[in-house]
Amino acid sequence: MDRHGFAPDQGTPGTAGWPVIALERASKGSLVDKIVAAITEMVASKELRVGTKMPSVRQFAKCNGVSTFTVVESYDRLVTLGLLSSRRGSGYYVARQELPALLSPALATSPAAVDALTPELYSGVTDALPVGAGWLPPEWYGEDTILDAVRQAMRIPANRLRGYGHPLGFPSLRQHVASTLSDELLPVEPEQILLTHGATHAFDLILRTLTKPGDTVFVEDPGYSNLHSLIRHHGCHIVGIPRGENGLDLDQLAEQAKAAQPKLMFVNTVLQNPLGTSLTQAQAHRLLALAEQFDFWLVEDDIYRELTPRGEASLAAMDGLRRVIRVGSFSKTLSPVLRVGSICASASLLPELVRVKMLAGLTTSEVNERAVYHAITARPYKRMVEKLVAQLDAGRERSIEVLAEAGMAPVARPRGGMFVSAGWPEAPSQAWNGKVVADLALKAGILLSPNEFFMLRPSPTIWFRFNVAYTDTPQLHGFLLSARRNHG
């Protein structure tokens, strides 16, 4: 055995021939991080050589006293880092001896290290400048309209205080959502709308309904970081499909789909987070054709639709909800505190989604849903959204100018929305990468979201997602100039 208690030679399950890693369970960090770090160090030190077959998920879990989900996520992260390869029907093997430029044993847990920023990035309770956050200043949303809607929602009739509310969600809001979608995208009935606690809750219900541990799920890379963690939590194998300035790499998607047989794929059709780009009509048509060819579901993350002009590609509209499930949210045009999202799906699929929703948490908050209904049906709402789009457009252009003054260029030219992802051309290293810069920024009172927060694969450059509402400030400008100067 080596110093980790790992004996990589062949053996019998439950004997010394299989891995036993000394995991310091009382120390900080998840078990996944500790397993990934230990195996990464063993690869780097050549204790595990190229071609070594790893134990099966069940064998590793049994010998180390961890769940199979933990092992699946650990192996999956090591595959993403390029240290292991997965061979269908055979198992996992050590794939390379050298580490990627961004990775060393000390940085093997970088996803978790970046996750340490998430409480500040999502809570809104921080004294730091929230440059990397996903919310806008309250005054950008239209405070008076929202507060008035909340007050009206609190006048809920007494007879509605009995029971848990409708399993599908507040009927009037579902009717309004169905009517709006029917006017703008495709014919939808209220019975095809399921209300959720925001988009992330919708993603969770979809994964619970359509996947089982071991299934393959495709995502965009870069993409929504919480979704990556959620997919792993469900024990699924996550595969990133590169997305950049010109949209998705559909050739690679076809190649990966042929090899991996995915169960479903999550896609931001318009104003993708974090790049702000949108798929063309031609790309959307080919994506639908690939989903048909390889028989997988498409989950259209459509939460930015109201911030983009009419006429942009819509997978749900093109497909008619045959193999597309549309997820919506009101967090980007109203306050995210309200936590109301929606799933729009075929009439045949929705009953099972409702069943899973009830099993996982019964119903959603009718008070929140009433508040959203009052807000979006109020006379000022349309003007409020138009004003918000204009503010975002101005803020985005100014952000690109400010970032250029600090030597940073957009990773992709955004088509609209809340974010500009931009960075420096330097290749990352252990001493200079997005996580290092984000840590320095946090000490300076600035919350940044580095590229590691969004990517499954190492990035050739250092970049960050900037919220355009908070970018044009002397505090950020000064920090970026200082960081670049000190590194240079």
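The values are calculated or read from the model by the stated rules, or taken from the named source; none is laboratory data. Computed from a prediction, not measured in an experiment: that's the story for all the values here. Neighbour counts are summed over all protein chains in view; Cβ atoms, including those assigned to glycine, are modelled from backbone coordinates with ideal geometry. Ligands, DNA and RNA are stripped out before the accessible areas are found, and what is left, the full protein with its side chains, is counted by its heavy atoms. Shrake-Rupley method; radii C 1.70, N 1.55, O 1.52, S 1.80 Å.
Which far-off residues, 5 or more places away or on another chain, put their amide H under 5 Å from the one on V411, with H placed in the peptide plane?
The answer is S421, A422, G423.
May I ask which of K263/K332; K34/K435; K258/K357; K46/K258 have a Cα-Cα span longer than 21 Å here? The partial results should precede the final answer.
Numbers: K263/K332 29 Å; K34/K435 18 Å; K258/K357 32 Å; K46/K258 33 Å.
With Cα atoms farther than 21 Å apart: K263/K332; K258/K357; K46/K258.
Would you mind telling me the antiparallel percentage of the DSSP bridges in the chain, rounded to 5? Please list the in-between numbers first.
Numbers: 25 of 42 bridges.
Bridges in the chain that DSSP calls antiparallel: roughly 60 percent.
Taking the Cβ of F479 as the centre, find all other residues whose Cβ is under 14 Å away and add up their charges (Lys, Arg: +1; Asp, Glu: -1).
Details: positive: K443, R484, R485; negative: E405, D439, D472.
With Lys, Arg at +1 and Asp, Glu at -1, the net is 0.
What's the carbon and sulfur percent of the chain's accessible surface, probe 1.4 angstrom, rounded to a whole number?
Details: 10880 of 20590 Å².
Carbon and sulfur together cover 53 percent of it.
What number, rounded to the nearest 500 deg cm²/dmol, is the helix-based mean residue ellipticity at 222 nm of the chain, given -39500 (n - 2.57) per DSSP H run of at least four residues and division by all its residues?
Numbers: 18 runs with 201 residues, N = 488.
Taking each H run of at least 4 residues, the total per residue is -12500 deg cm²/dmol.
DSSP beta bridges in segment 201-252, what fraction antiparallel, as a percent rounded to 5? Could you put the intermediate results ahead of the total?
Working: 2 of 8 bridges.
Of the beta bridges lying entirely in segment 201-252, close to 25 percent run antiparallel.
At a Förster radius of 25 Å, what calculated FRET efficiency corresponds to the Cβ-Cβ distance of E401 and E139, to the nearest 0.05? List each step's numbers first, then the result.
Numbers: r = 23 Å, r/R0 = 0.90.
The pair E401/E139 has a calculated efficiency of 0.65.
Using only the alpha carbons, work out the radius of gyration and Dmax of segment 419-464 in angstrom.
When restricted to Cα atoms, segment 419-464 yields Rg and Dmax of 10.1, 28 Å.
Please give, to one decimal in nm, the separation of the simple spin-label points placed at R485 and D295, each 7 Å out from Cα toward the Cβ.
Taking the simple label geometry, R485 and D295 are separated by 6.2 nm.
If a paramagnetic tag sat 7 Å from the Cα of S346 along the Cα-Cβ line, which residues of segment 288-310 would have the backbone N under 20 Å from that point?
288-302
Mean projection of the alpha-carbon convex hull of segment 166-278 over all orientations, in nm²? Please list the in-between numbers first.
Values: hull surface 32.1 nm².
For the Cα atoms of segment 166-278, the hull's average projected area reads 8.0 nm².
Residues of the chain: accessible area per residue at 1.4 Å, in Å²? Each step should come with its number before you reach the end.
Working: 20590 Å² over 488 residues.
Ligands and nucleic acids excluded, the figure is 42 Å² per residue.
Would you kindly compute the Cα radius of gyration of segment 36-86 and its largest Cα-Cα separation (Dmax), both in Å?
Every Cα atom of segment 36-86 included, Rg and Dmax give 10.6, 27 Å.
Once R0 is set to 41 Å, what does the formula 1/(1 + (r/R0)^6) return for the Cβ-Cβ distance between A394 and S429, expressed as a FRET efficiency to the nearest 0.05? Let's see the in-between values first.
On the way: r = 36 Å, r/R0 = 0.88.
E between A394 and S429, to the nearest 0.05, is 0.70.
With the cut-off at 18 Å, report for segment 252-339 the share of all Cα pairs above it, as a whole percent. Kindly include the intermediate steps, with their values, before the conclusion.
Details: 1708 of 3828 pairs.
Here the long-distance tail beyond 18 Å is 45 percent of all Cα pairs in segment 252-339.
What residues have an amide H closer than 5 Å to that of L84, excluding those fewer than 5 places away on the same chain, when H is modeled at 1.01 Å from N in the peptide plane?
HN-HN under 5 Å from L84: V79, A95.
Project the alpha carbons of segment 236-387 onto their principal axes and report the range along each, largest first, in whole Å.
That works out to 48, 39, 25 Å along the principal axes.
Amide H neighbours of T269 under 5 Å, at least 5 residues apart or on other chains, H built in the peptide plane: list them.
Residues meeting the criterion, in which the H sits 1.01 Å from N, are D301.
For segment 390-466, I need the span (max minus min coordinate) of the C-alpha atoms along each principal axis, in Å, sorted largest to smallest.
40, 27, 22
Can you list, bin by bin at 10 Å, the percent of alpha carbon pairs in the chain, starting at 0?
4, 19, 28, 26, 17, 6, 1, 0
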